[in-house]
Structure formats: C-alpha cells, structure tokens
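Please read the structure below before turning to the comments.
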Amino acid sequence: MVGLNKNIMRTILILSYIMLVALIISGVSALFSYLNTGADRSTMLHTEIQKVEQYLPKLEWEPLQNEGRPMDKQTLNALQNNYLDAWYVKQIAYKTNKTAGIKDYYTDSARENLYAFIELNKAEDITIEATTLNHKPTLEFFSEDGQLAVLTDRHVVEYKRVFKAEKQILETTETSTYKIVFLLEDGFWRIRHLVKESSTPFKAQTAKIKTDSLTIKGINYYPKATPWNMFGDAFSKDTIANDFKIIKDAGLNSVRIFVQYDDFGKADVDSKKLEKLKQTLDAAEENKLKVVVTLFDFYGDYSVMNWTLNQRHAETIIKAVKDHNALLAWDIKNEPNLDFESRGKDRVIAWLDKMIDLVKSIDTEHPVTIGWSNTESAPILKDKVDMVSFHYYEALENLELAINTLKTKIPNKPIVLQEFGISSYSGFWKPFGSSVEDQANYHKKIQEIITANKLQFMSWTLYDFVDVPKAVVGSRPWRRNTQKHFGFIDKNGTKKASFKYITN
C-alpha cells in the first residue's frame with residue numbers, strides 16, 4: 001500500500017511539472033509574439049472606427065503645382081487620409097463633447113483651442129452635429145525635408161445642427177475656404193493650424209428639369225418568387241423580361257423598382273448588384289418600359305455622421321445608370337415620413353434635402369421625387385423635387401378631397417399616385433377581408449378617380465407573393481397574409497379579376 005501511494009505521488013508531481021513547463025513556454029511565446037507585432041493604428045486611436053468606413057466626403061484635388069518639394073502619390077494619400085480623419089474626429093468630439101482621438105490628428109498647440117471649445121460647449125450644454133460633404137484642396141507648399149505641408153481647401157460644404165439642452169437652435173449649410181498647415185509627427189500628418197478664410201451660405205447649383213411631357217401609367221414591381229430580394233442569388237433577367245412584357249402588353253408604360261442600401265453594399269456598392277440593376281433596365285428598354293429607381297429602401301438611420309457614406313452609395317449608382325435609355329426618374333426614399341417619429345422629422349428632411357442636391361448635381365436630365373406615404377407629407381420639399389409622389393391605402397371616398405387639397409398646395413408640378421391597391425385576402429387570419437371581386441371593384445373605381453383628376457399612377461403590385469419577409473410587415477400572420485394578395489396576378493400565374501382595371 002505504501003508503494004502504491006508513492007507511485008501516485010510521483011505521478012502527480014511529474015504531471016504538475018509538465019503543466020508548469022507548458023505554461024511557461026506558452027507565456028514566453030505570447031510575449032515574443034507581442035514584441036514582434038507592429039502597432040495597429042486602429043488600436044492606438046480612441047475613435048474606435050476608421051475613416052475609410054465612416055467618413056467619405058467627395059474630395060477632388062487640384063493638379064499638384066506646389067512650391068517646394070514635389071509630393072509623391074503615396075505621401076499625398078497619407079496626407080489626405082489623415083486630413084479627413086482629423087475632420088471626422090473633430091466632428092465626433094463636438095457631438096459628444098469628449099476629446100478622445102484629438103491628439104492623434106492635431107498638434108499640441110492646435111489641440112488647446114479644440115479642448116477649450118469643447119469645455120465651453122460642455123459647460124453651456126451645447127452639442128454640434130456636423131459633417132462636410134465636399135472638399136477641393138490645393139497643395140500650396142511641401143517642405144524640402146518632407147515634414148511640413150500647406151493646403152488651401154476650397155468649396156468645403158459644411159452642414160451643422162447646433163443643440164442646446166438637446167433642443168435644436170441652429171441649422172446651417174455653408175461653403176467655406178480653409179487654410180491648413182500640417183506637421184509630420186511620428187509618421188502621421190497632424191494639423192498645426194486650421195483657419196477658416198471665408199464662408200458663404202450654400203446654394204445648390206441644379207438645372208431645371210422639364211416634366212411637361214411626363215406621362216406615367218405604371219406599376220410597382222417585384223418578381224413573384226423573390227419579393228424584396230429582387231437582386232439576390234435567384235436574380236433572373238429572363239424572368240424579369242417576361243414580367244415586363246406582361247406589364248407592357250397590359251397597356252402600362254413604366255415600373256418602379258427598389259434598391260436596398262444594405263443589400264447593395266452601403267458606401268462600397270457591390271458591382272455584381274449594380275450589374276443586375278443594369279440588366280433590369282436593359283429588360284425594361286427591350287420592352288419599351290421606363291423605370292423609376294427608388295433608392296435607400298429599408299434604410300432608416302439619417303445620422304449626420306453617415307451622410308457621406310450615404311452620398312457615396314447614391315453617387316455610385318446614379319453615375320452607373322444615369323445615361324440608360326430606360327431610366328425615367330429617381331425616387332430618393334420610400335415613405336421617409338414613417339421615420340419622422342423615431343428618427344426626428346428635422347433630421348429626416350435635412351437628409352432628403354441634401355440627397356436631392358447630390359442627385360441633381362450628378363444627373364441633370366431625370367426628374368427627382370420622394371415617395372411619401374400620404375398626401376399630408378407630400379408638400380414637404382415640393383420646391384426641390386420635380387414631381388410630387390404620394391401613396392394611398394385609405395378609403396376611396398376620401399381620395400378626391402385629398403387630391404384637390406394637394407393640387408391647391410402644389411399647383412404647378414406633376415402629381416403621381418405612386419402606390420395604391422387593396423388585398424384580396426379574406427382567409428383564416430382575416431375572415432372579413434376583401435375578396436377578389438372587391439379588389440376588382442376597387443381598381444375600377446380608383447382608375448375612374450385617376451382619370452377624372454388627370455393623375456399619373458403606379459399601382460401595387462403585379463403579383464401575389466408566396467412569401468413576404470418578416471422585415472417588411474412584421475411576423476403577425478394577418479399582416480403577412482394580407483400583404484401576399486395585392487397582385488393583379490395570383491401565385492399560380494392566373495390573372496385576377498382586377499387585371500382588367502390595371503390601367504384606365
């Protein structure tokens with residue numbers, strides 16, 4: 001028994017020794033790995049988010065003709081990145097009244113003014129939401145030793161919202177000119193001086209777009225099998241082309257389609273998705289249909305700090321298809337007024353306003369609209385859009401009054417009834433819903449109202465759907481099943497009674 005106990009004790013000691021040696025080796029390896037790993041600047045900064053993903057204002061350099069030493073492309077890119085990072089970090093600081101990250105992009109002397117301004121705002125309970133949308137810098141000087149650079153940044157479009165005790169007291173957009181002096185410290189370009197030399201109120205430069213000949217008799221479109229996922233893996237141009245032929249043969253001349261912000265890659269637009277959008281426009285052109293492209297579907301942030309990302313997304317898409325023969329118009333956003341309560345009405349309208357400016361600065365040929373969910377919101381930004389669009393799913397007996405009220409407020413622009421329809425679902429989850437006959441009578445009546453009031457229109461929608469994503473109407477079965485049956489054609493491909501009244 002004594003011998004057995006000694007063997008057990010000996011085994012325990014050996015195992016303990018092996019474990020101790022393993023722990024020591026592991027610790028030494030970790031230390032060696034740490035000491036041989038280069039510093040990652042994203043861990044050095046306190047901003048948590050890098051500029052490449054969070055801040056992308058439009059920036060156009062003037063040709064390099066600076067005094068002093070010539071600047072190579074790599075150095076210019078580093079200077080540009082650090083410059084935009086400095087703007088972003090300052091804007092975060094003014095919004096939060098915290099100084100994290102400032103020291104990474106501003107020299108000691110430049111920080112003092114920023115810190116003092118932040119402390120003053122904090123004491124006065126003032127916060128600032130701001131962004132820049134455009135920069136046009138000129139490199140004026142680059143020192144022979146490569147340690148100092150001077151820029152003049154013209155046409156800087158700055159948007160600001162100032163709050164005191166969380167209540168907005170100022171909203172402004174300016175076009176400014178800045179002079180900036182940079183010093184190279186620790187391998188990074190830091191701002192030594194940043195002086196605003198001039199500033200004027202911003203005025204958007206846009207061409208007037210003619211809409212006199214505009215005649216829209218259209219329909220909102222998703223493929224039957226892939227509603228709200230039109231540009232996904234199951235994308236089929238042939239399917240879309242066949243559907244477009246049905247639409248054209250029915251006497252319609254246009255379709256409205258939807259580009260989802262996240263689905264298309266946010267600021268870094270997915271080239272494959274963009275190609276599918278072009279193929280959709282090709283299919284429309286082949287069938288002699290025009291297309292209203294609705295941007296930013298399922299997007300609902302509107303945060304000022306994200307505006308530059310939103311604008312790069314829109315810019316990429318617009319530039320890619322603005323010259324396509326099938327393009328009819330741009331719809332900035334579907335039913336943005338539904339976000340007024342959750343996101344703030346002023347913020348949503350400001351986002352729309354600046355997005356209209358961007359779209360019109362890129363495409364001077366095609367009209368711009370906003371797909372408001374009701375007639376009450378439709379007059380918002382009426383002076384900036386080229387046609388006014390509204391949706392209507394309320395009682396038909398109130399429609400003509402709503403139209404007349406809208407025409408009184410907007411007498412000189414085309415008005416488009418951009419969404420309307422009624423579900424033919426009356427099943428288990430909604431036993432007192434509308435029937436197929438009710439749906440046909442609805443479309444017959446609303447087409448009479450459209451004709452009498454000389455409205456342009458786009459109905460909802462071509463097909464009944466087999467499935468509706470929960471993200472669209474939620475998980476409640478009575479809502480999802482109702483949404484599945486708005487089509488003029490059922491899920492088996494049979495035209496419903498309402499198809500007779502798909503147009504007037």
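For this structure, a couple of remarks:
- Beta bridges per DSSP with both ends in the chain, % antiparallel, nearest 5: 55
- Rg ratio (alpha-carbon, reference 2.2 N^0.38 Å) - the range 71-229: 1.40
- ³J(HN,Hα), Karplus 6.51/-1.76/1.60, whole Hz, each residue of the range 146-154, x for Gly, Pro: x, 10, 9, 9, 10, 10, 10, 10, 9
- Semi-axis lengths, largest first, of the ellipsoid equivalent to the range 357-504 are 30, 18, 14 Å, with √(5λ) applied to each eigenvalue of the Cα gyration tensor.
- Extension gain, SER361 back to GLU185 (0.36 nm per residue minus Cα-Cα distance, nm): 59.5 nm
- Degrees between helix 345-362 axis and first principal axis of the chain (Cα, 0 to 90, nearest 10): 90
- Cross-link partners for LYS122 among the lysines, with Cα-Cα distance under 26 Å and sequence neighbours closer than 8 places in the same chain left out: LYS51, LYS90, LYS95, LYS98, LYS103, LYS160, LYS164, LYS167, LYS196, LYS345.
- Under 12 Å from the Cα of LYS273 - aspartates and glutamates, other chains or at least 8 residues apart: ASP233, ASP262, ASP263
- Within the chain, helix-based [θ] at 222 nm, where runs of 4 or more DSSP H residues each add -39,500 (n - 2.57), nearest 500: -12000 deg cm²/dmol
- If the convex hull is drawn through the Cα atoms of the range 217-501, its volume per residue in Å³: 128
- Loop exposure criterion: chymotrypsin sites (Phe, Trp or Tyr not before Pro), DSSP state outside H, G, I, E and B, at most 16 other Cβ atoms within 10 Å. Applied to the chain, the longest stretch between such sites is 62-297.
- Which labelled figure in (i) 86, 53, 53; (ii) 89, 87, 47; (iii) 73, 54, 36 is Cα extents along the principal axes in Å, once derived from the coordinates: (ii)
- When both bridge partners sit in the range 217-501, DSSP labels roughly 5% of those beta bridges antiparallel.
- When each of LYS224/LYS484; LYS210/LYS382; LYS278/LYS354; LYS203/LYS384 is checked by Cα-Cα distance, pairs over 20 Å: LYS278/LYS354
- Cα convex hull of the range 206-294 - mean projected area over all directions, nm²: 6.9
The numbers here are math on the coordinates, done by the rules we state, and not lab data. Computed from a prediction, not measured in an experiment: that's the story for all the values here. Note that each Cβ is placed from the backbone with ideal geometry, even for glycine, and that neighbours are counted across all protein chains shown.
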